[in-house]
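Student: Have a look at the structure that comes next, please.
The values are calculated or read from the model by the stated rules, or taken from the named source; none is laboratory data. The model shown is predicted, which means the values in this text are computed figures rather than measured ones. Every residue, glycine as well, gets a Cβ built from its backbone with ideal geometry; the counts of neighbours run over all protein chains shown. The protein model used for the area step is the full one, side chains on, heavy atoms only, and it has no ligands, DNA or RNA in it. Shrake-Rupley method; radii C 1.70, N 1.55, O 1.52, S 1.80 Å.
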Amino acid sequence: MAEEPHTSTGGGLNKPCILLIIISGMERFAFKGVASNLVTYLTDVMSMSNSTAAKFVNGWVGFTSMLPLIVSTLADSYWNRYSTILASSVLYAAGLLALTSTAVTWPWTDSHKLHSISSLCLSLYLISIGQAGYNSSLQAFGADQLDATHNLPRTNTDDPKSSDKKSSFFQWWYFGVCCGSLLGVSVMSYIQDTLGWGLGFFIPSLSMIVSIVMFLCGSRFYEQKQSRIGDESFFEIVVRAVKAGASKLIRGSSGLSRNEYAAVELELEEKAGLCSQDQDIESTRQAHDEPLQPLEAAKVVLRLLPVWTMLLMFAVIFQQPATFFTKQGMTMRRNIGKSFKIPPAALQSSITVSIIILMPWYNKFFIPLARSLRGSENGVSVMERMGIGMFLSVVAMVIAALTERMRLQICLTGQDSCEDVAFSIFWLLPQYILLGISDIFTVVGMQEYFYSEVPTSMRTMGIALYTSVFGVGSFVSAILISAIEWLTSSDGGRGSWFSDDMAQARLDKYYWFLAFWSTLSLLAFVVFCRFVKR
């Protein structure tokens, strides 16, 4: 428990919330400092092909985003979030330091061994294991700091004041994440391309270590609400779990007392209307921090599965800036002045710049305008917010396809090689900026939705479900690349859509393909919301 009262600041956020938002920004700086330019490291240093590097990055990001589903279950059931954050952050920092060691040429190290795939994989997947318990627990732990209450209101609530407070937290959280991402993408990509990969990986490692120290310094202020197992040993936990399972088999009961089961059922019933704006949230709602039985937890997850599935194509589009958008930029005119060249990965910073600039406008202008036009206190529901972002992502892919087609035409008519096309890299800005605007709507809406539509005892799982969308989206992206590469490379002997020769590659067709399937996902999302609302 906190030793001092939480002093609220602007927007209803207290000091622990603000500290944790800063820490989350530092973690994003570290992660984006590695992930945003990883495809360049793989192609230039590890000598991978474009498609292989893209699949490697997608596979790693997918694994990193999916692993929290497993760890969050343990964090919600047996661990507390504070301990999970600490243990995970140590593993996270260890992985970053290991990655740094693979990029530094030590005098006594064989250079072939230095750049081996095995050492690279070991360090990257150690980062994944650390991040698995870190991000979902940190965000849920941050949301727990709002006032001294066990529950935040549901997303679809009729109380605009409490809903605004919760929405404000998730928006400022994402704002902090974007600030860290901006620095990671812009500063670190430049350092990695000009000063070397050793320094480029060491600075993110140092940032993560500093964030751990800051987290420890704020320990006495935190509101720690989870108290699952007290002083039980691991053996006692296992014995208790076995006894409960045996009792359930013998009696055919759920393993919960009547009062406990009623509390769980009450909370689950209140979550039933996913898109409804007319749910009555009464003061009879019970706070219940005991972990749910597997069957009840499965019901919660299955109810969220349709929305989760329809967001997958948005997540696939989300992978493009760090892979093929960056490869596009490597072939375009990047000069500013006579000597300075923009690192291709640095253009990803335009996504976060657009978010940082436009997100304050969302509350100041967009929501008041929506309220006046619709006569609603909430202005735009969470589901509508996600839908708007999905639509903008489709528009971004259409623009990306048109821009790539222009690049190809200039490349084919002007020169044989596409190493330095007379086509400015700034033509890629519209697709980056539109993806940034779509993030303001969809990503923030997803965070709020998956946190709010689960029982209190599954809040960490809720955040993990949100991140798992991008994890599965990364795997889907890798599968699509493999399938399309196989189909197109055998098409009349012509080169693949993802050919290493950017004069032969047809990324424009791939972008049209993504735009088509994203449109179908958006239509399914709209139909689903209308159906459930009725």
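Student: When the residues of segment 119-139 are narrowed to those that are small (Gly, Ala, Ser) and under 14 Å from the mean Cα position of the chain (by Cα), which ends up modelled with the lowest pLDDT?
Tutor: SER136
Student: Next question. Scan segment 462-481 for residues that are open to solvent by 40 Å² or more (accessible area, probe 1.4 Å) and at pLDDT below 85 and jot them down. Give the steps one after another, and end with the answer.
Tutor: First, the residues of segment 462-481 that are open to solvent by 40 Å² or more (accessible area, probe 1.4 Å): 475-476, 479.
Hit for segment 462-481 is PHE475, nothing else.
Student: Testing GLY462 on (1) touching an Asp or Glu at 6+ places or on another chain (Cβ under 9 Å); (2) part of a loop (DSSP other than H, G, I, E, B), one condition comes back false. Which one is that?
Tutor: Of everything listed in (1) touching an Asp or Glu at 6+ places or on another chain (Cβ under 9 Å); (2) part of a loop (DSSP other than H, G, I, E, B), GLY462 misses just condition (2).
Student: Pick out the one residue from ILE440, ILE433 that is modelled with pLDDT of 80 or more and surrounded by 23 or more Cβ atoms within 10 Å (Cβ to Cβ).
Tutor: Among ILE440, ILE433, only ILE440 is modelled with pLDDT of 80 or more and surrounded by 23 or more Cβ atoms within 10 Å (Cβ to Cβ).
Student: While we're looking at this one, here's another question. Hey, any hits in segment 375-388 for a residue that's part of a strand (DSSP E or B), touching a residue at least 60 places away in the same chain (Cβ under 8 Å), in contact with a helix residue (DSSP H, G or I) (Cβ under 8 Å, 6 or more places away or on another chain) and open to solvent by 20 Å² or more (accessible area, probe 1.4 Å)?
Tutor: no
Student: Output the number of the condition that ALA370 fails; it satisfies all remaining conditions of (1) touching a residue at least 12 places away in the same chain (Cβ under 8 Å); (2) part of a helix (DSSP H, G or I); (3) open to solvent by less than 40 Å² (accessible area, probe 1.4 Å).
Tutor: (1)
Student: Conditions: (1) assigned to a helix (DSSP H, G or I); (2) among the hydroxyl-bearing types (Ser, Thr, Tyr); (3) more than 17 Å from SER477 (Cα to Cα). THR52 meets all but one. Number of the miss?
Tutor: Condition (3) is where THR52 drops out.
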